[in-house]
Amino acid sequence: MKRLIFVSLLFIGFNSVAQTTTIPDVNFETALINLGYDSGPTDGAVLTANISGITTLDLYNQDISDLTGIEDFLALEYLNLEVNNLTSLNVTQNTALIELNCNGNNLSSLDVSQNIGLTHFEIAGNNLTSIDLSQNNNLEFLNVQGNSLGSIDVSNLTNLTNLVISYNTFNNIDLSANVNLDSLYCDGNNLNALNLDNNSGLIVLSCTGNNLTALDVTGLTQLDLLACYDNAITNLDVRNCSQLTGLFCQLNQLTELDVSQNNALIYLSCMNNMIDSLDVSFNPNLEILRCTDNLLTSLDLSQNLNLESLYCGENNISELNVSGNPNLRVVKCHDNALTCLNVKNGNNYNMYHGGFDCTGNPDLTCVEVDDATYSTTNWFNIPATASFSAGCENECSSGVSSNITYENKELIVFPNPTRDQFQIKNIDDFEKLEIVDLSGRIVYQSKTNGVFDICFVETGNYILKVYSRNAIAKQMLIKQ
């Protein structure tokens, strides 16, 4: 009888060992303890029965270097490994995975051939030089931003709706099979051309910082946001994009821009081109206009009653009348040929601090404002030759700080798109960060570089501004 009891106890002890999973990384095990899947203290193991049925595992920013043991999480459907220190990862046993996020690690390769159920896959901000997605036909969302990929085959990903391939080294990308795409981000590559003939459902297109000389968007009738700045585009036809609310085409070689069919336009940025005429009379919803550094000689804003911010510096404008634009809070018209400037719009008291600048207009002698005393006290960016007055003699025809440099530095923002948190790389001398909506309203700001939590920010498209000592770097940010 004693022999039988001893044998039984021996079998039970052996069986207990067989039911444990080795977890060599202390931070990994600590995270499991904090999540209630291990009792602690850390001993390098966890009961397999405690983890085999888990479907969701969030290990965001846990300083994990080794994920050995993940192979026994057989039921995992959602795995978040974002912002850790992983140099390798084996998920070949996690065949139930639907969503995998390993942004912000140090992975140089990853085998996802066994994860055929994946619909959402993010591996931004790693060190990939290649990725095989031939077995992942169910993917709907793919983010490989900020790696070292020279090519990628997405021809089998016919269900793909969101594709983020920004800040790699692509020379070309074949999207002919991705007919369901509604969002494409391919910024900061080496693209010479972009064929979107089969992508008529695109709602968001961001292809900034490439080598594009032409961009055909005539078939993108559902486009809401187009960001194609910092290329070498000479012609841009957006007349068929009637739903467009945001157009960012600055830093190109445009000589003309027709936005007469874009009645929904809210944000227009066409700075740093060679445009000599700009008609915005058919854009009644326009709230922010940036047309700095062009060849404009006049600007009629009489139909833009919703305009809140105007940046039209570094042109050849001789007269500017914004007295009929009651919502204006920013007027930057520096370095023009102004002889007449009327900003008497009834809203001068609400002008943003530093929001007025008419320096660099040596022939300007009088600026018409709501209250000359107030403007003299609070507005400083005015030529020495000019003064403020409630009524200037030289009436304008009807119409209604320069020390900062806007850099085109390629920020690495990951994840982007994001649901709640993100980080930035490739910025020196960080001073502050701002997130601005398409109306120009600041919705988030921070003076500390690190993990930025924007869980409270509404879903949408935003402008991310990162301020360093003497510069501002800008990037599109998508909040899901």
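All of the numbers you see were taken from the coordinates with simple rules; none came from a lab. Computed from a predicted structure; not experimentally measured. We place every Cβ from the backbone using ideal geometry, glycine too, and count neighbours over all the protein chains shown.
A few comments on the model shown:
- According to the Kirkwood relation over distinct C-alpha pairs, the hydrodynamic radius of the chain is 25.1 Å.
- Simple spin-label estimate for Asn347 and Asp363 gives 2.9 nm between the two label positions (7 Å along the Cα-to-Cβ direction from each Cα).
- Database note for the chain: Cys without another Cys beta carbon under 4.7 angstrom, Cys102, Cys186, Cys207, Cys228, Cys241, Cys249, Cys270, Cys291, Cys312, Cys333, Cys358, Cys455.
- Too-long pairs where the Cα-Cα distance tops 23 Å, listed order kept, from Lys344/Lys474; Lys447/Lys479; Lys332/Lys447; Lys425/Lys474: Lys344/Lys474; Lys332/Lys447
- Here the 3J(HN,Hα) profile of the range 43-60, calculated from phi with Karplus coefficients 6.51, -1.76 and 1.60 at θ = phi - 60°, is 9, x, 8, 9, 5, 4, 4, 6, 10, 5, x, 5, 9, 10, 9, 10, 10, 4 Hz, Gly and Pro shown as x.
- Look at the Cα gyration tensor of the range 341-397: its axes a ≥ b ≥ c give a/c of at least 1.5 with a/b at or below b/c, and that counts as oblate.
- Label-point gap, in nm, between Ala45 and Glu458 - each point 7 angstrom along Cα→Cβ: 5.4
- Computed FRET value (nearest 0.05) for Ser52 with Asn426, which takes r as the C-beta separation and R₀ as 51 Å: 0.80
- Cα shape, the range 297-405, gyration tensor, a/c 1.5 rule: rounded
- Taking a ≥ b ≥ c as the square roots of the Cα gyration tensor eigenvalues, the range 158-264 comes out oblate, since a/c reaches at least 1.5 and a/b does not exceed b/c.
- For the chain, the antiparallel share of DSSP beta bridges with both residues in that region comes to about 30%.
- Here the gap between Asn90 and Asp63, fully extended at 0.36 nm per residue and compared with their Cα-Cα distance, gives a gain of 8.0 nm.
- Dividing the summed -39500 (n - 2.57) terms of all DSSP H runs of n ≥ 4 by the residue count of the chain sets its mean residue ellipticity at 222 nm at -2000 deg cm²/dmol.
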